[in-house]
Each structure stands twice: as C-alpha cells, then as structure tokens.
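Notes for the one structure printed next.
The values are calculated or read from the model by the stated rules, or taken from the named source; none is laboratory data. What you see is a predicted model; the values in this text were computed from it and never measured. Note that we place each Cβ from the backbone using ideal geometry, even for glycine, and neighbour counts take in every protein chain shown.
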Amino acid sequence: MTPLTSSTLLRVPGESDESLETRQHALAKLADFAMPTGREEVWRYVDLDFDLEDFEVAVAAESIDERPPVPDSAGFALVVDGSVVAAESSDPNLTVGRATDRFESLIDPGQDIFTAAQAAHGAERVDVVVADGKAIESPIFIDVSASSEGASFPAVRIRVGKGSEATVALRLRSADDLPALVVPHVEGSLGDNSNLTVVVDQGWGRATRSIGQIVFSVGRDASLKTAEAGLGGALARWQLDIKLAGQGSNAKVVGAYFGDEEQILDYRYVMHHAAPNTHSEMFLKGAVEDEAGSVFTGMIRIDEIAQKTDAFQTNRNLILSDGASAQSVPNLEILANDVKCGHGSTVGQLDPEQRYYLMSRGLDRPSADRLQVRGFFEEALSRFPVPAIVEPLRGRFNEKFLRAQEEGRL
Amino acid sequence: MRNALVIKDLHASIGDLEILKGVDLEIPFGEVHALMGPNGSGKSTLSHVLMGKDDYTSSGSVLLDGEEIMGLGVDERARKGLFEAFQYPVEVPGVSLDDLVEEIGGAVGNGDFASRVAASTAQLGMGRFLKRPINEGLSGGEKKRSEMFQLALVQPKVAVLDEIDSGLDVDAVREVAGLVESSRSENLGVLVITHYSRILNYMKPDRIHVMIGGRIVRSGGREVADELEDTGYEALRAELGLVPVRDPLLDLP
C-alpha cells in the first residue's frame, strides 16, 4: 500500500499524462493542509479522532465476481475501494461509465485536507450522463463499497441533460469490522427543465469512517430530489451543497438518520438560492441512543438576486438515551428582500403522552415506544422518493431500535 | 349482580394538591353510569388514576371484575380489561390507526379479533381512517368515533369514557351516545364522564353520579341530571354546604 503522503502517485489504468500531472499537483497541495482542529467553523461540532496521515491508500482486495442484485435498473456501477470495477448501461440514452480524465469538479478541492486528498488520490470516477430530452424510467444503481483497510476516494459524477429525467440510487457499504476511511464525492449538474432524484443508502460498517461531499448545481426550472438514510459508520459526515443556479429551479432534501453505540453522524447542509423564483425544502429527522451523537447544521443562503425565493428547513431530533446527544443548528443568510424563508428545529425525547395513550390500549412500554419511534422516522421515510428502496430501509430503522431494546440498551 | 368496577376510598394528588378525596363507586356488569361534575371537580383525574397514569400519587382500592388493579401499570390494567376513552385523544404522528390495531391485536386480541376489526370498521365507517396517522387531522367527532372503534376491538370489562361529548356538535353527540348505548353488554360496565347533561338526553344511564371537590356527592337516577339542569352545580354546592374550590390546577386534563 502507498502512504497518502508519498510523493508519487501510481497511474491508474487508462489515465492520461495530463490527469496524472493534475493529481501530482493536488498531492503537492495536500501537504499544505492539516487535520481540522475543531476550531474551524465547519468542523466545530465534530471531534475527529484520527489522523489522515495514519492511513494508506486502499487497494481493492480482489475483483468482485458477485454483483449485487439490481432489478429493473437502467444502468449500474460498482465501485470498490475507489476503483470502478463495473459500469454498464442498458439504455441507449444513458451512459454509465468509468472515467479517469481531468474534469472541472463542482467540489472545491481547497476546502480542507479531505477534499485535497480526494483531488490527489481520487483517480477514477463513475460518470453518469443522461442525453438531452430523455427520461430514464428505471433507477441507476451505484454500489460503493470499501473492502480493505486504508483510505479510499470513490467519486460519482452525474450530468442530466436539458429536459431529461433520471433516478440514481447510491448504496454505501463495508464490513462492520473494517476500519476504513472513505472520502466519497458525489456531484451532479441538472440541465434546464430536467429532473434528478438521488437516494443515498448510507450503510457503512460500524468501524468505517466517512467524510463525504454531495454537491449539485440545478439549472433553470429543473427539479432535484435527494434523500439520505444514515444508519452506518463510526463517523459519517456529509457536507451537502445545493446551488439553485437557474431561475425557477427547486430542490427537496429529505433525510432520516439513526445513531447508536458511539456513532457520530454529522450533517452540514447548505441550500444556496442563487436565482429568482427558486424553491427549496429540507426535512430531516434523526434519533440517537447509547452514546451516539448527531449534528445537523443547516444553512439557507439567499443571494440578493434570488427574489421570490421560498425556502424552508426542518430538522427534528429524538434523544433516546441519557448518554446520547443531538445538535440542531439552523442558519439563514438572506440578502434578498422579497422571500419566504423559515426553519423549524427541535431536539426532544419520546413523548410521555403518546406512550400513555398507546399503553392504555394494552401495548407494553417497549411496544409503545417502538411504535412511536417508527412513526417518528416514518414522517421522513414516507417522503423518500423511490418506494422500492424505502421498504427495506424502513425495516432497517425498525430493526436497529428493536435490537437496542432486546440488548437492554434502552 | 356482579360488579364490573368497585372503587373504594380512592384518593389521588399531584404533589401536595389532593384532587380525589375518597371516591366510592360501584358499576355492575351490563350497566351504564354517568359521572357529572363541574370543571375541576376531579372527573378527568379519576379516569387517569383508574388507568394508572403516573402523574398522580394515589391510594385506595379499585377492583376490576373483583381483582385489585391498584399498583398495576397502565398496560397491565388495559390487558385486564380496563379501557379509557380519552377526552383529548393523543395524536401519534407517522403511526397509522392500522398499525395500532395490529398492536392491539397482539396485546389483547383473542381468536376472533380479525373479524371484530372487519365488523367494527364497517359499522363505524372507519375504513378511510385506518391508513391515516392516529388522530391526526381528525375532527372532534371523528376522534371520539375512533375511540369507540378501539373500545369495540379491545372488548374491555370496564370502559371509562372521559368527556366523550366534549367539543362535539349536537349530531356528533347523538352519534356518540348511540355508540355508547349499542356497546351495552352483560360483559361490560361503562362510566360516562360528562360536564353537561346534554349527552344524557340521547342515552339511558342506569345511574347518575355527581362529583364535586373530589368526592361523589350525589347518586341517583335520571332525576339527578334533571335537577342539575334546572339549578346548576352552584346550587348543589350551596345545598351541601361545600365551599367552591377554584384552583386552576384542578382544571388540568
């Protein structure tokens, strides 16, 4: 394995001189970055208990023979330890491929040590391109996994043409005992009048840390829906930036997350209204038990030009154990004067009146609480856009709570 | 006649504030009794204390079909056959009535539970509410109907209907009264708690009790309600020499 800070980078198959050179420059810049200390505003709520320097670049253990079932998909891709091992499309209007060329990323590599490391070590990506004016009926499945110790840098880029429509389901996973570090980057651009739906199933193993970025740019009258279910990871952080760049564009962001044991789930979501008549809605619900911690930092930024913006963010948190903690930090930055904008943010516990009501119908306390927790998540899960993915997710949220009850942790 | 419910010398307080000051009441199986009283008399407290809500410190004896239930948890009392229809049925966001019905089936359902669900759903027109979150967005009347629906599924031995007529228009009151009457059974004793005598015009309670200041001060037949209708609670207080107690805490549900 190669140390992250080694002065040379290996060329990945198919990579051009130009691309390798760009990465070498990025690697040189990586040396300028140090691990966040917690004093930086964007890192203030999360305690990073590791050092990037202690990791080496992960090498895919072996080629994957077994492909996860992808029923009725228009295309799929498999990414293992950052390498794109399979990419296929069965729709002539859709390209799902492996790419290694240099490209202008929407994600600024100069943000921190992690974006800088991704710029240096993220040599290949999944490229999803939907031709103009085409609707891709079935979802595109992208399976991203970590299989060996070390750091990996998977990347996905989605481009949806003008007037087109597509749904991407992204699954992240690793074995429970794999102490990997993953820096996933997902970015997408939506052409004018297009529709893109992206559902993320964050199912990292319990020892895996993930510091991810999701960035979208939404064109005129285009519509973005994203949903994330956060269940896995020792530490799982998403920095989501959505830029409503075109007039009349809109975005809906949904999330459900559930941390237990010592999990840290950190969401830093920015909705940037950069054009007039844009609409956005964020709706996230999270629960924590045991010693888990969650953070939601939400920002609605409305540029001066973005008149007639309508924006709302909701974040509701449930603390199920005394040792768990949840923070909810909504922010508004409004430069336009003719906008509708608001937020709702709560951190609370199970409602004793609901419990009493349910128990008065004969349900024992564990059943009453289980029902209440299920209802809590249901309000978020029922807003998830792809029903086929939601049903198993529902089961996993329920099972997580049930397991905590059975193990006497609640 | 076998008693469904026997309450003896029941006291209850929140902190230092005593709300129930020795309640005695018997309801035989097959009968419907009404409990009337002004705001703050302790009516709702009585229903919560019977159900075992842990906001209260209580003492005394409550026999459900001859079995002492004081000291049992809320859910144990429910499974032994006590049902409380809430004055303010609680909304449970994200949980459909269907989900609750399934859980009720698991907790207290017996052999013919499924057919009971089907029959009560049809009889009460609950079909369109089953997929909706419990009590969310329901009108006052719909909430009470949902409570009566659950009562029918649970088949309790004792049903305490707390202010089952509050917040309802006259048609809804008539409907609920009809549901109470039709729930009459030789295996059930019912206590209807009400502030107004209005609902009693549409049903035939076997006995009417009046509670003032945490005690039952009068019990009798139809004439008790008629007298209250004419003279009001204040006159009864004066007649009994009771000092009006107007502690705002007592108005808590």
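How about segment B:176-193: which of its residues are buried (at least 17 other Cβ atoms within 10 Å of the Cβ) and not small (Gly, Ala, Ser)? First the steps, then the outcome.
If we filter segment B:176-193 for residues that are buried (at least 17 other Cβ atoms within 10 Å of the Cβ), which is where we start, we get B:176-177, B:179-180, B:183, B:188-193.
Hits for segment B:176-193 are B:Val176, B:Leu179, B:Val180, B:Leu188, B:Val190, B:Leu191, B:Val192, B:Ile193.
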Would you mind telling me which numbered condition in (1) surrounded by fewer than 16 Cβ atoms within 10 Å (Cβ to Cβ); (2) at the interface with chain B (Cβ under 7 Å from one of its Cβ atoms); (3) within 21 Å of A:Ala326 (Cα to Cα) A:Glu353 fails?
(3)
Residue by residue through segment A:382-396, note down the ones that are assigned to a loop (DSSP other than H, G, I, E, B) and within 18 Å of the chain's Cα centre (by Cα).
A:Arg383, A:Phe384, A:Pro385, A:Val386
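For every residue, the table says whether it meets (1) closer than 15 Å to A:His185 by Cβ; (2) in contact with a helix residue (DSSP H, G or I) (Cβ under 9 Å, 6 or more places away or on another chain); (3) free of Cβ contacts under 8 Å to residues at least 60 places away in the same chain.
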| position | (1), (2), (3) |
| --- | --- |
| A:Val80 | no, no, no |
| A:Pro92 | no, no, yes |
| A:Asp112 | yes, yes, no |
| A:Gly122 | yes, yes, no |
| A:Ile140 | no, no, no |
In the set B:Leu82, B:Leu20, B:Leu50, which member is under 30 Å from B:Ala238 (Cα atoms), under 14 Å from the mean Cα position of the chain (by Cα) and buried (at least 18 other Cβ atoms within 10 Å of the Cβ)?
B:Leu50
Looking at segment A:279-308 only, could you name the residues that are touching a residue at least 60 places away in the same chain (Cβ under 8 Å) and farther than 18 Å from A:Gln263 by Cα?
A:Phe283, A:Ala306
So which of B:Pro93, B:Pro89 ends up being within 20 Å of A:Tyr356 (Cα to Cα), at pLDDT 95 or above, assigned to a loop (DSSP other than H, G, I, E, B) and within 14 Å of another protein chain (Cβ to nearest Cβ)?
B:Pro89
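Is it the case, given these coordinates, that A:Ala311 is outside any loop (DSSP other than H, G, I, E, B) and away from chain B (no Cβ under 14 Å)?
Working: outside any loop (DSSP other than H, G, I, E, B): yes; away from chain B (no Cβ under 14 Å): yes.
When the stated conditions are applied, A:Ala311 passes them.
Determine which member of the set A:Ser360, A:Ser321 is over 30 Å from A:Leu244 (Cα atoms), among the polar types (S, T, N, Q), more than 14 Å from chain B (Cβ to nearest Cβ) and over 21 Å from the mean Cα position of the chain (by Cα).
Numbers: A:Ser360 fails: more than 14 Å from chain B (Cβ to nearest Cβ).
It is A:Ser321.
Test B:Asp55 against the criterion of being surrounded by fewer than 23 Cβ atoms within 10 Å (Cβ to Cβ) and either under 30 Å from B:Ile216 (Cβ atoms) or basic (Lys, Arg) (or both), and give yes or no.
yes
Would you confirm, using the coordinates I've provided, whether B:Lys143 is within 14 Å of another protein chain (Cβ to nearest Cβ) and outside any loop (DSSP other than H, G, I, E, B)? Working first, answer last.
Details: within 14 Å of another protein chain (Cβ to nearest Cβ): yes; outside any loop (DSSP other than H, G, I, E, B): yes.
Criteria met by B:Lys143.
When you scan segment B:56-69, do you find a residue that is within 14 Å of another protein chain (Cβ to nearest Cβ) and either under 28 Å from B:Glu234 (Cβ atoms) or assigned to a helix (DSSP H, G or I) (or both), even just one? Explain how you work it out, then say what you get.
At the first step, the residues of segment B:56-69 found to be within 14 Å of another protein chain (Cβ to nearest Cβ) are B:56, B:64, B:69.
From what is left, the residues that are either under 28 Å from B:Glu234 (Cβ atoms) or assigned to a helix (DSSP H, G or I) (or both) are B:56.
Yes.
Filter the strands (runs of 3 or more DSSP E) completely within segment B:1-50 down to those with at least 3 residues that are closer than 21 Å to B:Leu72 by Cα. Give the derivation first.
Details: elements: B:3-14, B:17-28, B:32-36.
The qualifying strands (runs of 3 or more DSSP E) are B:3-14, B:17-28.
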Test: A:Arg370 is within 19 Å of A:Glu228 (Cβ to Cβ), within 14 Å of chain B (Cβ to nearest Cβ), modelled with pLDDT of 95 or more and not in a strand (DSSP E or B):
no
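Given the criterion in contact (Cβ under 8 Å) with a residue 40 or more places away in the chain, closer than 28 Å to B:Leu138 by Cβ and hydroxyl-bearing (Ser, Thr, Tyr), identify the matching residue among B:Ser96, B:Ser59, B:Ser44.
On the way: B:Ser96 fails: in contact (Cβ under 8 Å) with a residue 40 or more places away in the chain; B:Ser59 fails: closer than 28 Å to B:Leu138 by Cβ.
When all the criteria are applied, what remains is B:Ser44.
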Go through (1) away from chain A (no Cβ under 12 Å); (2) farther than 25 Å from B:Ser166 by Cβ; (3) not in a helix (DSSP H, G or I) one by one and return the number of the condition B:Gly137 breaks.
(2)
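Here's a check for you: in segment B:226-244, which residue that is crowded, with 17+ Cβ neighbours inside 10 Å and touching a Pro at 6+ places or on another chain (Cβ under 8 Å) is nearest to B:Gly22 (Cα to Cα)?
Filtering segment B:226-244 for residues crowded, with 17+ Cβ neighbours inside 10 Å gives B:227-228, B:233, B:236-237.
Within this subset, residues satisfying the condition of being touching a Pro at 6+ places or on another chain (Cβ under 8 Å) are B:233, B:237.
On the way: B:Tyr233: 20, B:Arg237: 17 Å.
Per the criteria, the residue is B:Arg237.
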Would you tally the residues in segment A:208-261 being closer than 18 Å to A:Asp47 by Cβ and either out of contact with any Gly (no Cβ under 8 Å at 6 or more places or on another chain) or without any contact (Cβ under 8 Å) to a residue 24 or more places away in the chain (or both)?
6
In the list B:Ser139, B:Ser115, B:Ser166, which residue meets the criterion of being surrounded by fewer than 19 Cβ atoms within 10 Å (Cβ to Cβ), under 20 Å from the mean Cα position of the chain (by Cα) and without any contact (Cβ under 8 Å) to a residue 40 or more places away in the chain?
B:Ser139
Scan segment B:109-130 and give yes if some residue there is in contact with an Asp or Glu (Cβ under 6 Å, 6 or more places away or on another chain) and either modelled with pLDDT of 95 or more or polar (S, T, N, Q) (or both), otherwise no.
yes
Could you list all residues from segment B:96-109 that are assigned to a helix (DSSP H, G or I) and facing chain A (nearest Cβ under 9 Å)?
B:Asp99, B:Leu100, B:Glu103, B:Ile104, B:Gly106, B:Ala107, B:Val108
